[in-house]
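A.B. asks: Take a look at the following structure, please.
The values are calculated or read from the model by the stated rules, or taken from the named source; none is laboratory data. Keep in mind the model is a prediction, meaning the values are calculated, not measured. Here the Cβ positions follow ideal geometry from the backbone for every residue, glycine too, while neighbour counts run over all protein chains shown. Surface areas here come from the heavy atoms of the whole protein model, side chains and all, with no ligands, DNA or RNA. Shrake-Rupley method; radii C 1.70, N 1.55, O 1.52, S 1.80 Å.
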Amino acid sequence: MNRTKGDEEEYWNSSKFKAFTFDDEDDELSQLKESKRAVNSLRDFVDDDDDDDLERVSWSGEPVGRRTRPGSFQSLSDALSDAPAKSYAPELGRPKGEYRDYSNDWSPSDTVRRLRKGKVCSLERFRSLQDKLQLLEEAVSMHDGNVITAVLIFLKRTLSKEILFRELEVRQVALRHLIHFLKEIGDQKLLLDLFRFLDRTEELALSHYREHLNIQDPEKRKEFLKTCIGLPFSAEDSAHIQDHYTLLERQIIIEANDRHLESAGQTEIFRKHPRKASILNMPLVTTLFYSCFYHYTEAEGTFSSPVNLKKTFKIPDKQYVLTALAARAKLRAWHDVDALFTTKNWLGYTKKRAPIGFHRVVEILHKNSAPVQILQEYVNLVEDVDTKLNLATKFKCHDVVIDTCRDLKDRQQLLAYRSKVDKGSAEEEKIDAVLNSSQIRWKN
């Protein structure tokens, strides 16, 4: 919708709006790709220090979705905030009675220099199109994003959009600033008009897609996303749009079913672990964690099955295993954890395999208070000896430390570890037995 003068004043006086810089990347695609990016951030997800794994998995958070002089935005903002709100654009705030206005004598260059210094001045004297464009060109030549934006606000108010768009089309720096400003203040209508004029169809489609953020009703949002699928996005972005639609469609079905199961009170998992929040509009990684937590054993044919989600959204094995491990360890479902890493070859022999590395498995198991027997089993599977010893020492897996030092024939390290175990404990007795063994040729 179109913004009023008061909305533009809020732009300058509110800290929630950021300055445009020549190095800024368009943040639209980052929002568009939220779901995929969330899957790729699983390491952060399981490394969180919060003890409540379920609650900390992005329950909030939005679903899928040239330099400016440092500090100049603040200085101009200060100048404007000291001026009467009604006069900052285009007056840029000369408080009544403060001094006589000599601004009619200032050239475009003088005016821009004053703006750059944060001083109050009027832009009203620039009435012809030629004067206004000269003012804009002077602002651009200063390489100060805030001054450029201030002049653009004036031009936006005093020129028809057809003339404004035509002139900015050949002034790319100013055009980028206007696009950034319109995004910041949320003037979606003018932004769409601008993209249509420029024939920038992909950006037009992306701006249309962003409108889903304003739709709160899940069914209406889903139907809106469906209208976005055929828009002229790049091939990669089209895939993300399709994923977003499919994910929300799944979430609506899962949410309705789980709300019914929870209210009926007949499903054990929901009785023991009431849901923290609705699954609607959550990122893909959160949906996968939720599915692994509440629906882990469901058949692949159901929408809430973790395996179904994995195949539908092409989630890599490493990311799937990391999420499933976090969910099942949270529930202390150690049998499921064991099955997650057990593979069988064509001869029927079983073997433990961890695409995320057993050192990561150990860290996550310890974070979820796994019994020492389980920890020791997975510490023993760490291939690197130094890493294995460090983990075993850190998590007090005494048998692993003792056996590894014995296998390394490292008497000195075993003696050093003896001082860390309790006096008279079974571990101390085992260390003494190893140290006194005549069958070991110690290397030190």
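A.B. asks: How large is Rg/Rh for the stretch 106-198, to two decimals, with Cα atoms and a Kirkwood Rh?
C.D. replies: 0.95
A.B. asks: Could you sort 428-438, 125-135, 392-402, 263-273 so that the peptide with the highest average Cβ count within 10 Å comes first and the rest follow in order?
C.D. replies: Going from most to least packed, we get 392-402, 125-135, 428-438, 263-273.
A.B. asks: Continuing with the same structure: How many Å² of accessible area per residue for the stretch 107-154, probe 1.4 Å?
C.D. replies: 39
A.B. asks: So, one more: Taking 2.2 N^0.38 Å as the expected size of a compact globular protein, what ratio does the Cα radius of gyration of the stretch 396-443 give against it, to two decimals?
C.D. replies: My calculation over the Cα atoms of the stretch 396-443 gives 1.02.
A.B. asks: Let a ≥ b ≥ c be the square roots of the eigenvalues of the Cα gyration tensor of the stretch 294-444; is it rounded (a/c under 1.5), or, if not, prolate (a/b larger than b/c) or oblate?
C.D. replies: prolate
A.B. asks: Also: Rounded to the nearest percent, how much of the accessible area of the stretch 131-205 (1.4 Å probe, protein heavy atoms only) is carbon and sulfur?
C.D. replies: For the stretch 131-205, the apolar C and S fraction of the accessible surface comes to 51 percent.
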